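Here is the structure we will look at, set down as structure tokens.
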Amino acid sequence: MFSYYPRSAAEFLIVAEALLALLSLPSAPAALVARVQGALEALARAYVDAVANHRAGISAQDAARAARDVADTACDRKGMAFIQAVKYREGGEAVLGELRQSWGGEAPNLLFARPDADQVATLDRFFALTDARADLSLPKNAYEEFKAAHEEMKRLVRAEEAADAARDTLSAAVKTAERAFAPAYRFFIRELLFNEGEDTVRDNLPRFER
């Protein structure tokens, strides 16, 4: 059994691409090309473009996630290096105890295991509180490197959040384009079968196993 009517998103993409390819195919029947041109062509192109944009959005999201992972690892390493530098200075344990209160009192490994957005917010507060204190003796280079790594991680967490939101928008655009294209294509097939005959449909358009 087979059907000329697509059901899945993958099948709708196949027929949309087939319609657009048909328009530039020299052997395509002129009457069929004329029926595709215009509104159906525009809907097919909108659907194909929406799918392409969504795929690009997925790639951008993957790239943003990978960059955030790298920045997260770097921030964790710089943070642990800073904590170790504090710990082994004179009076380090006491200073470290005060610093821990600035990030909530938990062990460093638990701090750096927090979800990224939570870790960013916690470290924002930590750096704000620490920068406001003039009485702490800190290893300056290790502190500044930790702070810079945190800022980079924060930037990339925000970039990933933006990529996630963009992908959601692009996914919705695909659904909107499919909802517009699907009934127009079904009507096109029904009219074509009635007016041109099944041979024309079979010889020029996709069909699907059922």
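The values are calculated or read from the model by the stated rules, or taken from the named source; none is laboratory data. Fair warning: this is a prediction, and the values are worked out from it, not measured in the lab. Methodologically, a virtual Cβ is constructed for each residue, glycine included, from the backbone with ideal geometry; neighbour enumeration extends over all protein chains shown. Surface accessibility is based on the protein's heavy atoms, side chains included, excluding ligands, DNA and RNA. Shrake-Rupley method; radii C 1.70, N 1.55, O 1.52, S 1.80 Å.
Assorted remarks:
- Residue count for the range 175-202 satisfying the condition of being part of a helix (DSSP H, G or I) and open to solvent by 20 Å² or more (accessible area, probe 1.4 Å): 18.
- Residue count for the range 1-30, restricted to those that are aliphatic (A, V, I, L, M) and open to solvent by 50 Å² or more (accessible area, probe 1.4 Å): 7
- When the range 1-31 is filtered for residues that are touching a helix residue (DSSP H, G or I) at 6+ places or on another chain (Cβ under 6 Å) and modelled with pLDDT under 90, the ones remaining, listed by number, are TYR4, ALA28.
- Filter result for ASP168 (open to solvent by 70 Å² or more (accessible area, probe 1.4 Å), within 18 Å of VAL15 (Cα to Cα) and of a type in the set (Asp, Glu)): no
- Looking across ALA134, ALA142, one residue alone is within 16 Å of ALA81 (Cα to Cα) and small (Gly, Ala, Ser). It is ALA142.
- Set ARG68, ARG55: member being open to solvent by 70 Å² or more (accessible area, probe 1.4 Å), assigned to a helix (DSSP H, G or I) and of a type in the set (Lys, Arg): ARG55
- Scanning the range 37-86 for residues that are over 13 Å from MET153 (Cβ atoms), of a type in the set (Ser, Thr, Tyr) and more than 13 Å from the chain's Cα centre (by Cα) yields a single hit, TYR47.
- Within the range 126-146, not a single residue is open to solvent by 50 Å² or more (accessible area, probe 1.4 Å), within 34 Å of the chain's Cα centre (by Cα) and under 30 Å from ARG55 (Cα atoms).
- Annotation: of all residues in the range 110-125 being without any contact (Cβ under 8 Å) to a residue 24 or more places away in the chain and assigned to a loop (DSSP other than H, G, I, E, B), the one that is least open to solvent (accessible area, probe 1.4 Å) is ARG114.
Rundown of residues vs (1) in contact with a Lys or Arg (Cβ under 8 Å, 6 or more places away or on another chain); (2) part of a helix (DSSP H, G or I); (3) free of Cβ contacts under 8 Å to residues at least 24 places away in the same chain, yes/no style:
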residue	(1), (2), (3)
LEU13	no, yes, no
ALA21	no, yes, yes
PRO26	no, no, yes
ALA34	no, yes, yes
GLU41	no, yes, yes
ASP62	no, yes, yes
THR73	no, yes, yes
ILE83	no, yes, no
